Amino acid sequence: QKEVEQDPGPLSVPEGAIVSLNCTYSNSAFQYFMWYRQYSRKGPELLMYTYSSGNKEDGRFTAQVDKSSKYISLFIRDSQPSDSATYLCAMSKTIQGAQKLVFGQGTRLTINP
Amino acid sequence: EAGVTQSPTHLIKTRGQQVTLRCSPISGHTSVYWYQQALGLGLQFLLWYDEGEERNRGNFPPRFSGRQFPNYSSELNVNALELEDSALYLCASRGSQAFFGQGTRLTVV
């Protein structure tokens, strides 16, 4: 079983829809939670970063963490064609004083005009 | 503040050759991670360095190796290149948050 599970999609929604992307994890030692956006043939770009349960909002993006359920989500409101990309969840845990980073497989998202 | 820089951005090698990829982390970041991303696929974890030590390696053969220097920059070496090594190689550095470089696109012919 992978430490972090993410549905690879693809996910296709119409412009303006609310998008929900999700990841589950198995290890309660994960402390920090991140979402990255990756456009084709580019390096991933950090979108959201949080370390506690609850919601964190940044513009049209909301990251949600539920540590009791080991479940994280990214919501995109008023989705735009420019949001079409692969979205990766990531989380980290402390191992021997350093932060080990673990990624989900990524979800490919297409926003249709 | 400069981001994570990787060099070269692109290169083409022949099967059996050796290649060295380089990564300069964000100033103050001590951890460097290397990932392989074949076209259309997810990130495959290669190596993790922290404070000059290898902390973990992914499920790759020994011909994939690397090191981290005292200034926290890092190299990834791949020996005896195979066609399936063609991929985007990404480096990330981490302080409180992890940031990626733009990657090195390696093509093996």
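The values are calculated or read from the model by the stated rules, or taken from the named source; none is laboratory data. Keep in mind that what you see is a predicted model, and the values were worked out from it rather than measured. Reconstructed Cβ throughout: ideal geometry from the backbone, glycine too, with neighbour counts over all protein chains shown.
Tell me, yes or no, whether region B:93-106 has at least one residue that is of a type in the set (Lys, Arg), farther than 21 Å from A:Ile95 by Cα, within 12 Å of chain A (Cβ to nearest Cβ) and surrounded by 15 or more Cβ atoms within 10 Å (Cβ to Cβ). Quick ask: steps written out before the conclusion?
First pass over region B:93-106, keeping only residues of a type in the set (Lys, Arg): B:94, B:105.
Adding the requirement that they be farther than 21 Å from A:Ile95 by Cα leaves B:105.
If we keep only those that are within 12 Å of chain A (Cβ to nearest Cβ) as well, we get B:105.
Narrowing the set further to residues that are surrounded by 15 or more Cβ atoms within 10 Å (Cβ to Cβ) leaves B:105.
Checked against the condition, which is being of a type in the set (Lys, Arg), farther than 21 Å from A:Ile95 by Cα, within 12 Å of chain A (Cβ to nearest Cβ) and surrounded by 15 or more Cβ atoms within 10 Å (Cβ to Cβ), region B:93-106 yields at least one hit.
Tell me the residue from A:Leu11, A:Leu88 that is under 30 Å from B:Arg105 (Cβ atoms) and touching a Pro at 6+ places or on another chain (Cβ under 9 Å), please. Walk me through how you get there before you give the answer.
Numbers: A:Leu11 fails: touching a Pro at 6+ places or on another chain (Cβ under 9 Å).
A:Leu88 is the lone residue from the list that is under 30 Å from B:Arg105 (Cβ atoms) and touching a Pro at 6+ places or on another chain (Cβ under 9 Å).
Looking only at region B:30-66, filter to residues that are among the small types (Gly, Ala, Ser) and in contact with a strand residue (DSSP E or B) (Cβ under 8 Å, 6 or more places away or on another chain); which one of those is nearest to A:Val4 (Cα to Cα)? Break it down into steps so the answer makes sense when it comes.
Of all residues in region B:30-66, those among the small types (Gly, Ala, Ser) come to B:31, B:38, B:40, B:42, B:52, B:58, B:65-66.
Add one more test, that the residue is in contact with a strand residue (DSSP E or B) (Cβ under 8 Å, 6 or more places away or on another chain), and what stays is B:31, B:38, B:42, B:52, B:58, B:65-66.
On the way: B:Ser31: 21, B:Ala38: 20, B:Gly42: 13, B:Gly52: 27, B:Gly58: 15, B:Ser65: 25, B:Gly66: 25 Å.
Once the filter is applied, the top-ranked residue is B:Gly42.
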task = With respect to B:Thr30, determine if the residue is among the polar types (S, T, N, Q), at pLDDT below 95 and surrounded by fewer than 18 Cβ atoms within 10 Å (Cβ to Cβ).
result = yes
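Condition first: closer than 14 Å to A:Gly43 by Cβ and surrounded by fewer than 21 Cβ atoms within 10 Å (Cβ to Cβ). Can you find one or more residues in region B:71-87 that meet it? Spell out how you get there, then give the answer.
At the first step, the residues of region B:71-87 found to be closer than 14 Å to A:Gly43 by Cβ are B:87.
Keeping just the survivors that are surrounded by fewer than 21 Cβ atoms within 10 Å (Cβ to Cβ) gives B:87.
Within region B:71-87, one or more residues are closer than 14 Å to A:Gly43 by Cβ and surrounded by fewer than 21 Cβ atoms within 10 Å (Cβ to Cβ).
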query = Quick one: in region A:1-57, which of the residues that are aromatic (Phe, Trp, Tyr) and free of Cβ contacts under 8 Å to residues at least 24 places away in the same chain is farthest from B:Leu41 (Cα to Cα)?
reply = A:Tyr51
request  = Taking the residues in region A:87-108 that are surrounded by 21 or more Cβ atoms within 10 Å (Cβ to Cβ) and within 21 Å of A:Glu15 (Cα to Cα) as candidates, determine which candidate is farthest from the other protein chains (Cβ to nearest Cβ).
outcome  = A:Tyr87
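Looking at region B:35-42, is at least one residue under 19 Å from A:Gln99 (Cα atoms) and either more than 9 Å from chain A (Cβ to nearest Cβ) or of a type in the set (D, E, K, R) (or both)?
At the first step, the residues of region B:35-42 found to be under 19 Å from A:Gln99 (Cα atoms) are B:35.
Keeping just the survivors that are either more than 9 Å from chain A (Cβ to nearest Cβ) or of a type in the set (D, E, K, R) (or both) gives none.
The answer is no, given that none of the residues of region B:35-42 is under 19 Å from A:Gln99 (Cα atoms) and either more than 9 Å from chain A (Cβ to nearest Cβ) or of a type in the set (D, E, K, R) (or both).
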task = Would you be able to tell me the number of residues in region A:1-25 that are at pLDDT below 95 and more than 14 Å from the chain's Cα centre (by Cα)?
result = 4
remark   = Note on region B:10-34: residues within 12 Å of chain A (Cβ to nearest Cβ) and either farther than 14 Å from B:Cys91 by Cβ or part of a loop (DSSP other than H, G, I, E, B) (or both) are B:His10, B:Ile26, B:His29, B:Thr30
Top-ranked residue of region B:20-62 - restricted to ones that are small (Gly, Ala, Ser) and on the phi < 0 side of the Ramachandran plot, ranked as farthest from the chain's Cα centre (by Cα) = B:Ser27
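In region A:1-51, which residues are among the basic types (Lys, Arg) and either away from chain B (no Cβ under 13 Å) or under 23 Å from A:Gln80 (Cβ atoms) (or both)?
Just the residues of region A:1-51 that are among the basic types (Lys, Arg), to begin with: A:2, A:37, A:41-42.
Correct list: A:Arg37, A:Arg41, A:Lys42.
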